[in-house]
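The values are calculated or read from the model by the stated rules, or taken from the named source; none is laboratory data. Bear in mind that the values here come from a model prediction, so they are computed numbers and not experimental data. Neighbour counts run over all protein chains shown; Cβ positions are idealised from the backbone, glycine included.
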Amino acid sequence: ISDYFTFLAPIDLQGRGRRFTAYFNKLCDFFDKMIENRLAATTGEGRTNQDILDVLLQLSREDNSKLTRRTIKSFLLDSFIAGSETSSTTLEWAMAELLRRPELMKRAREEIITVVGFEREIEESDISKLPLLQAILKETLRLHPPVPLLLPHKAEVSTEINGYLVPKNTQVLVNVWAIGRDEQVWEKPDCFMPERFMEAGSSIDFRGQHFELIPFGSGRRICPGLPLGVRMVQLMLASLIQSFEWSLPDGMKPQDLNLNEQFGITLNLASPLKALAIPVRKM
Ligand code: HEM
């Protein structure tokens, strides 16, 4: 409500401001503890496998550093909020689509077993040899972009696009969900067909240069977590497919799987996915 009637914002009619503040404070306390533990445990430089927190703390100790504890916590907060549900939602949609097309799940698994086998864990370097897996991620992000309207953008100057005037200061929402389902752009847009990205001549990618597929946005505000997000989701999906035989519970048929959407922070499955996993690989 406050977005449309901004004068009501201070009253926080829906209590969202209060709820957000409480959650943000909880997360900040969590980061505080994490930072305290890290400072107490080691100086960071001594660790062989430094993570981003080590690097940030190291930078904050440098002379004239402007990196305060508060800045570090804000950075972590941004990354956690922007990076966790987007990645988990993408993974859940990919698994749901594969459970709905068991023959595709079988092909994805055959690809992984041929390249990696059962014996060892999948590594990042294997992913480039798994074209079907990569196509599955692209198709998942086309049909189910976790951030369907991107983040709100604002026109810095008045601009004309396709004969339409976008006045300065207009808030612009880009509907990537609709672009992904536009039948003038995509053949059978409602079907989950990763094969479309494997056809000869298809070079479509989600890195911001092909405007028919921009689940991470494009240009200067493109998602800075794209490389990490893509790596994580591909690795998690490949590991799940490699390590387990998957089926639906209670004799449910693949075509009965409910893929209705629900909009929260990201675009989720309305009913969380339930699946049975039988381990096939020694952990
Ligand atoms: C599959 C995973 C992900 C998807 C689909 C995704 C998608 C997006 C989208 C659509 C935007 C807005 C871009 C725009 O408005 O033009 C965005 C922004 C952002 N993302 Fe991601 N993201 C993912 C993972 C991550 C990860 C892993 C991180 C960090 C750890 C991250 C950090 C951010 C941040 C900080 C912003 C805001 C950038 C800004 O305001 O300029 N994202 N992401």
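Cβ-Cβ distance below 7 Å, separation of 6 or more or different chains: which pairs start in segment 139-152 with a residue that is near the ligand (Cβ under 9 Å from one of its atoms) and end on one that is at pLDDT below 95 and not in a loop (DSSP other than H, G, I, E, B)? What qualifies is Pro145/Leu267; Pro146/Leu267; Pro148/Leu267; Pro152/Gln171. The condition of being without any contact (Cβ under 8 Å) to a residue 24 or more places away in the chain and touching a strand residue (DSSP E or B) at 6+ places or on another chain (Cβ under 6 Å) holds for only one of Ala178, Ala155, that being Ala155.
Per-residue answers, yes or no, for (1) surrounded by fewer than 16 Cβ atoms within 10 Å (Cβ to Cβ); (2) acidic (Asp, Glu); (3) on the phi > 0 side of the Ramachandran plot:
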site	(1), (2), (3)
Phe20	yes, no, no
Asn25	yes, no, no
Asp32	yes, yes, no
Asn49	yes, no, no
Arg61	yes, no, no
Asn64	yes, no, yes
Leu67	yes, no, no
Thr89	no, no, no
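The single condition from (1) touching a residue at least 40 places away in the same chain (Cβ under 8 Å); (2) within 16 Å of the ligand (Cβ to nearest atom) that Ile122 fails is (2).
Does any residue of segment 173-189 turn out to be away from the ligand (no atom under 11 Å from the Cβ) and touching a Ser or Thr at 6+ places or on another chain (Cβ under 6 Å)? No, the conditions are met nowhere in segment 173-189. Restricting segment 69-87 to residues that are of a type outside the set (Val, Ile, Thr) and more than 8 Å from the ligand (Cβ to nearest atom) leaves a set whose member that is surrounded by the fewest Cβ atoms within 10 Å (Cβ to Cβ) is Arg70. Of all residues in segment 171-184, those satisfying the criterion of being part of a loop (DSSP other than H, G, I, E, B) and loosely packed, with under 13 Cβ neighbours inside 10 Å are Leu173, Asp182, Glu183, Gln184.
The one condition from (1) outside the structural domain of Phe244 (by TED's automatic domain parsing); (2) under 23 Å from Pro148 (Cα atoms) that Ile11 does not meet is (2).
Filtering segment 122-141 to residues that are touching a helix residue (DSSP H, G or I) at 6+ places or on another chain (Cβ under 7 Å) and assigned to a loop (DSSP other than H, G, I, E, B) leaves Ile122, Leu130.
When each of Gln262, Gln234 is tested for being at pLDDT below 95 and of a type outside the set (D, E, K, R), the lone residue that passes is Gln262. Of the residues screened, Leu57 is one that is surrounded by 15 or more Cβ atoms within 10 Å (Cβ to Cβ) and free of Cβ contacts under 8 Å to residues at least 24 places away in the same chain. Listed by first and then second residue, the pairs linking a residue in segment 71-94 that is under 14 Å from Leu137 (Cβ atoms) to a residue that is aromatic (Phe, Trp, Tyr) and near the ligand (Cβ under 10 Å from one of its atoms), with Cβ atoms under 7 Å apart and 6 or more places separating them unless they lie on different chains, form an empty list. Is it the case, given these coordinates, that Leu240 is in contact (Cβ under 8 Å) with a residue 40 or more places away in the chain, of a type in the set (A, V, I, L, M), out of contact with any strand residue (DSSP E or B) (no Cβ under 6 Å at 6 or more places or on another chain) and in a loop (DSSP other than H, G, I, E, B)? When the stated conditions are applied, Leu240 does not pass them.
In segment 190-235, the qualifying residues are those that are of a type in the set (Lys, Arg) and in a helix (DSSP H, G or I), and the one that is nearest to the ligand (Cβ to nearest atom) is Arg221. Just one of the listed residues (Ser128, Ser158, Ser202) is surrounded by fewer than 19 Cβ atoms within 10 Å (Cβ to Cβ), closer than 21 Å to Leu226 by Cβ, at pLDDT 95 or above and among the polar types (S, T, N, Q), and it is Ser128.
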